[in-house]
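Trainee: Below is one structure. I have some questions about it.
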Amino acid sequence: MYRRGVLVSENDSPLIKSIAVVGGTGKEGSALAKRWALNGYRVIIGSRSADKAEKSAAETNEELNGEYLTGMANEDAVQNAEIIVLSVPYSAHKSTLETIKPYITGKILVDVTVPIQPPNFTTVHVPEGKAASLESQAFLGEDVKVAAAFQNVSFVKLSDPQGDVNCDVLICGDDLGVKQEVMTLVEAAGMRGIDAGPLANAVAVEALTPVILYINKQHKIKSAGIRITGLDD
């Protein structure tokens, strides 16, 4: 049984869930990491450089006034976590997957990546594999359960760990249990999760991000998001 950030065993003893945020030194990844760390998860910041990850974790701990996060190289971060959140630019997506593949078997991967092609940030790009998360699943194989989430939420809204986000998160995946796990992550980060269907639907979810970026640019704002109407709050 799960409580927020905690797996509760049959004798009701808590086992803290661990998350490795690969790309956790970036704006989106670090913002999510803060929110999860403050809501009971054991969070590891992952980076290609262990020194960079450790520095980022130390700076975040100082900001939060506590020892909430640790930093490790991506490979070590993945080995020491149960849930892996991948938040990297699409240009680094394949190479990062190659780095962590030997250590991720049997785990959950939440892919936050959007296949944007700079400098065309506001134009939809559909990659060869149709979606970044579908490419992750194809590359990692059936022993890794991949879900897509958080693509449409601005780091501007997430950056204040106590701030109101007021956005929904669309979750795509082929395993209902994994989607429920991600739903818990979404709630711990202060948002409402919406089951948006199988992983194939991530094609549409990922493609929404350039549209949102276009809206930001057109209306001179920085934090447009989405809300699904007609649901009970």
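The values are calculated or read from the model by the stated rules, or taken from the named source; none is laboratory data. Quick caveat: nothing in here was measured; it's all calculated off a predicted structure. Positions of Cβ are backbone-derived with ideal geometry, glycine not excepted, and every protein chain shown enters the neighbour counts. Only protein heavy atoms, including side chains, enter the accessible area calculation; ligands, DNA and RNA are left aside. Shrake-Rupley method; radii C 1.70, N 1.55, O 1.52, S 1.80 Å.
Trainee: Each label point is 7 Å from the Cα along the Cα-to-Cβ direction; what then is the distance between the points at ASP160 and LYS55, in nm?
Mentor: 2.9 nm
Trainee: Less than 18 Å apart at the alpha-carbon level, and either on another chain or at least 8 residues along: which lysines does that give for LYS34?
Mentor: Leaving aside lysines fewer than 8 places away in the same chain, those within reach of LYS34 are LYS17, LYS52, LYS55, LYS157.
Trainee: OK, next. Compute the length gained on full extension between ALA92 and LYS217: take 0.36 nm times their separation in residues and subtract their Cα-Cα distance, giving the result in nm to one decimal. Provide the component values of the computation, followed by the final result.
Mentor: Details: separation 125, 0.36 × 125 = 45.00 nm, distance 2.48 nm.
Full extension of this stretch gives 42.5 nm more.
Trainee: Based on DSSP H runs of at least 4 residues, each adding -39500 (n - 2.57), what is the mean residue ellipticity at 222 nm of the chain after dividing by all its residues, to the nearest 500 deg cm²/dmol?
Mentor: Mean residue ellipticity at 222 nm (helix-derived): -11000 deg cm²/dmol.
Trainee: Let me ask another. Using the Kyte-Doolittle scale, find the helices of the chain whose mean hydropathy is at least -0.5 and whose Cα atoms extend 24 Å or more along the helix's long axis, counting only whole DSSP H runs.
Mentor: 202-219
Trainee: Also, quick follow-up: With point charges of +1 on the Cβ of Lys and Arg and -1 on the Cβ of Asp and Glu, referenced to the Cα centre of the chain, which listed residue (ALA31, LEU208, ALA132) lies farthest in the positive direction of the dipole?
Mentor: Checking the options against the dipole of the chain, the answer is LEU208.
Trainee: Roughly how many Å² is the accessible area per residue of the chain, as a whole number, for a 1.4 Å probe? Show your work: numbers first, answer last.
Mentor: Values: 11440 Å² over 233 residues.
Value returned for the chain: 49 Å² of accessible area per residue.
Trainee: Still on this model: Please report the carbon-and-sulfur percent of the accessible area for segment 71-168; probe 1.4 Å, protein heavy atoms only, DNA, RNA and ligands left out. Write out the running numbers ahead of the final one.
Mentor: Working: 2110 of 4360 Å².
With neighbouring chains kept in place, the figure for segment 71-168 is 48 percent.
Trainee: Moving to a separate point now. Name the shape class, rounded, prolate or oblate, that the alpha-carbon gyration tensor gives for segment 2-219, where a ≥ b ≥ c are the square roots of its eigenvalues, rounded holds for a/c under 1.5, and otherwise prolate holds if a/b is larger than b/c and oblate otherwise.
Mentor: Working: a/c = 1.34, a/b = 1.24, b/c = 1.08.
Cα axes put segment 2-219 in the rounded bin.
Trainee: Still on this structure, I have one more. Just name one of ILE84, ILE228, MET72: the one whose Cα is farthest towards the positive end of the charge dipole of the chain (beta-carbon charges, Lys/Arg +1, Asp/Glu -1).
Mentor: Of the options given, the answer is ILE228.
Trainee: Suppose we flag GluC sites (Glu not before Pro) only when DSSP calls them loop and at most 11 other Cβ atoms lie within 10 Å. Which is the longest uninterrupted stretch of the chain?
Mentor: My reading of the result: 143-233 is the longest stretch.
Trainee: Follow-up question, since we're still on this one. Let me know the charge dipole size of segment 2-219 about its Cα centre in debye, to the nearest 20, where only the beta-carbon of Lys, Arg (+1) and Asp, Glu (-1) is charged. Mind showing how you got there, number by number?
Mentor: Working: 19 positive and 27 negative charges, 79 e Å.
Around 380 debye, computed over segment 2-219.
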